[in-house]
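Working notes, structure below.
The values are calculated or read from the model by the stated rules, or taken from the named source; none is laboratory data. From a predicted model like this one, the values you see are computed outputs, not experimental measurements. As a convention, Cβ positions derive from the backbone with ideal geometry for all residues, glycine included, and neighbour counts pool all protein chains shown. Accessible surface areas use protein heavy atoms only, side chains included; no ligands, DNA or RNA. Shrake-Rupley method; radii C 1.70, N 1.55, O 1.52, S 1.80 Å.
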Amino acid sequence: MEALSQYRSESSDNESDGEQVRTYAAPVVRQYKVDTAPDVISHTPVEHNLTNYIAPGQKKMYYNMPYEMLTQPLVGPSDKDGEFSVRARNMTSGTAEEQAVDENTFRRQERLFRQQGFANNPTIGAENEIIGNKSAEPRARKTQRKAKGDSGVIEGENAYVGPWAQFEGDTTGQTCGPSAEQLAEYEERMAQAVDTVDPAQGGKRSKAKGVTSYAAGQDERTLFHGQSERDYQGRTYMHVPSDLQHDVSDQTCYAPKRLIKEWKAHANGVSAIRFIPDSGHLLLSSGMDGLVKLFDTHASLKQQRTYIGHAKAVRDVSFAPTGHIFVSSSYDTFSKIWDTETGACKQRLSASGAVPYVARFHPDDENTVLVGQSDKKIVQWDLRAGEIVQEYNQHLGAINSLTFFDANRRFVSTSDDKSMRVWEFGIPVVIKLVADPAMHSVPAVALHPNQKWLAGQSMDNRIVVYSAGERIKPHRRKEFKGHLTAGFACQPAFAPDGSMLASGDAEGNVWCWDWQSTRVVTKWRAHDKVAIGTAWHPREPSRVATCSWDGSIKLWD
């Protein structure tokens, strides 16, 4: 213990004498400083700093600059003509030059090359060069105006026309058509054709001079093509087959997949087809040959009857609500009411010599017919009195279609004046006008089975949709595209359940779209020429009839 105490005292004495004692320092943690606003001013010499250059038009300097910087030459592209200083700034950083040919210059040069055979070279830097043969004869000569005439002559040869003189070759305002001698020759040939009529031919072209035998006069007749008009029970083809589906409310419609029947119906093309209402077991067609034909689409799939009585092409046909009678509209200025069963013509309708383009029965009254005419009028006929009881005459062009909607209290008409007008039935005042500068003509309209939408075939290769409620307005987000119909009044048709919309086009194709998504469900080649009409069977969920200007009618399933 004594030695231990002495050891402690010696060590403590050594520490007190100032001897160095080993110590251990704590570890140092290095920290980095973050500068959120660094100094971006360059510290390079002034003669190497581009920010010290001044612009040619600068008026102020915010720092002192040496003499060498103030007297140095301009930096950048040379501007000998002063274009850059005169030209306005068209972007934030200055002026951007257009390195392309503008639309007007291109069209002018393209027109010059098409007419004269030469034009300026569109390559940049070679504008003074010529493409083509400038010495060649111009491809199109400029038309010259005719002489102004003698101011002392009012009528006849060399009459004064002044600045209104026509161009050479212009026939505007001149009488056209057959001469009196040609008309007399035509009437003589028609008279000879009537003498050579063979009733067994059923209105086909007679062998004498190739003239249509029924083309002269207005005598109506009919031909039955079956063996017997009545079966063993005394029923005609108007009887609805018992095996035809009656309840279609729970049926789902599908796009057709195969051809089940083709009829070579009309010689000069088919203009319209219509299924008989409710049952759909009969199909009515109108043709450019002036005939109306009836086909069985359920059992025999054969032609049943031909209705002869129009002197010119038949433009449209339409059944009455019951299907016992129908109306046909022809270019011979007559609309005729026919008995579907017997083929007898019950009535002729003609107003002031105008051509009837479309005719529709009122869905609730078979004795009322609306006829849209070429004289911009819609006339309402009372078949019991045989006279016109109302006129709707606010359109500016020929009437193309008539469609009833809103529980048959109103109807919409479309015209060549590129407008749609809504009328209250029986009141000749437009209650709604649908017109727009960008709107095209809508020659064909179809009503959706739920009575809430109208689909119109527009002449800009679209099917446009309008609401059919209290307010008639376009549905901007629902339109059907893809087909080519510009210039052709292809008639669209809805499936019985409203799930699909079908239409033909100018190339002979038939298109089916989904109503909800507006997507194309299917498309197939149906005809060789324009598929002008499409009709969906009212009871068969996937049966569609199409017609074309090639004269054929096809039934698909």
Residue match in the range 265-286 (condition: surrounded by fewer than 21 Cβ atoms within 10 Å (Cβ to Cβ), more than 27 Å from ASP364 (Cα to Cα) and either among the charged types (D, E, K, R) or at pLDDT below 90 (or both)): yes
When the residues of the range 41-67 are narrowed to those that are surrounded by 10 or more Cβ atoms within 10 Å (Cβ to Cβ) and aliphatic (A, V, I, L, M), which ends up modelled with the lowest pLDDT? VAL46
Qualifying position, being over 21 Å from SER517 (Cα atoms), open to solvent by 40 Å² or more (accessible area, probe 1.4 Å) and in contact with a Ser or Thr (Cβ under 7 Å, 6 or more places away or on another chain), among LYS418, LYS432: LYS418
Expected single match for at pLDDT below 80, over 30 Å from ASP170 (Cα atoms) and surrounded by fewer than 10 Cβ atoms within 10 Å (Cβ to Cβ) among LEU70, LEU74 is LEU70
Qualifying positions in the range 308-320 - assigned to a strand (DSSP E or B) and open to solvent by 30 Å² or more (accessible area, probe 1.4 Å): ARG315
Hits in the range 394-409 - residues which are more than 15 Å from ASP364 (Cβ to Cβ) and outside any strand (DSSP E or B): GLN394, HIS395, LEU396, GLY397, ALA398
Among the residues of the range 321-380 satisfying the criterion of being in a strand (DSSP E or B) and among the small types (Gly, Ala, Ser), which is farthest from THR222 (Cα to Cα)? GLY372
Condition test on TRP536, is it out of contact with any helix residue (DSSP H, G or I) (no Cβ under 8 Å at 6 or more places or on another chain), over 25 Å from MET288 (Cβ atoms), in contact (Cβ under 8 Å) with a residue 24 or more places away in the chain and of a type in the set (Phe, Trp, Tyr)? no
ARG89 among the basic types (Lys, Arg), open to solvent by 80 Å² or more (accessible area, probe 1.4 Å), in a helix (DSSP H, G or I) and at pLDDT 65 or above: no
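Let's see how each residue does on (1) of a type in the set (Asp, Glu); (2) in contact with a strand residue (DSSP E or B) (Cβ under 6 Å, 6 or more places away or on another chain):
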{"position": "PRO321", "(1), (2)": "no, no"}
{"position": "THR342", "(1), (2)": "no, no"}
{"position": "SER350", "(1), (2)": "no, no"}
{"position": "GLY353", "(1), (2)": "no, no"}
{"position": "ALA359", "(1), (2)": "no, yes"}
{"position": "LYS376", "(1), (2)": "no, no"}
{"position": "TRP381", "(1), (2)": "no, yes"}
{"position": "GLU391", "(1), (2)": "yes, yes"}
Verdict on ASP528 being over 15 Å from the mean Cα position of the chain (by Cα) and among the acidic types (Asp, Glu): yes
State whether the residues of the range 207-221 include one that is modelled with pLDDT of 85 or more and surrounded by 14 or more Cβ atoms within 10 Å (Cβ to Cβ). yes
Only one of these conditions is not met by ARG360: (1) in contact (Cβ under 8 Å) with a residue 60 or more places away in the chain; (2) open to solvent by 30 Å² or more (accessible area, probe 1.4 Å); (3) within 17 Å of ARG274 (Cα to Cα). Which number is it? (1)
Restrict the check to the range 460-471 and report whether at least one residue is outside any strand (DSSP E or B), at negative phi and in contact with a Lys or Arg (Cβ under 7 Å, 6 or more places away or on another chain). yes
Could you please find all residues in the range 243-261 being at pLDDT 90 or above and surrounded by 15 or more Cβ atoms within 10 Å (Cβ to Cβ)? ALA255, PRO256, LYS261
Kindly indicate the residue of the range 95-148 that is closer than 30 Å to ALA159 by Cα and among the hydrophobic types (A, V, I, L, M, F, W, C) and also modelled with the highest pLDDT among those meeting that condition. ALA147
Identify, by number, the condition in (1) touching a residue at least 12 places away in the same chain (Cβ under 8 Å); (2) open to solvent by 10 Å² or more (accessible area, probe 1.4 Å) that HIS527 doesn't meet. (2)
How many of the residues making up the range 487-496 are open to solvent by 40 Å² or more (accessible area, probe 1.4 Å) and either assigned to a strand (DSSP E or B) or modelled with pLDDT under 90 (or both)? 1
Does the range 349-361 contain any residue that is touching a Lys or Arg at 6+ places or on another chain (Cβ under 9 Å) and farther than 19 Å from VAL317 by Cα? yes
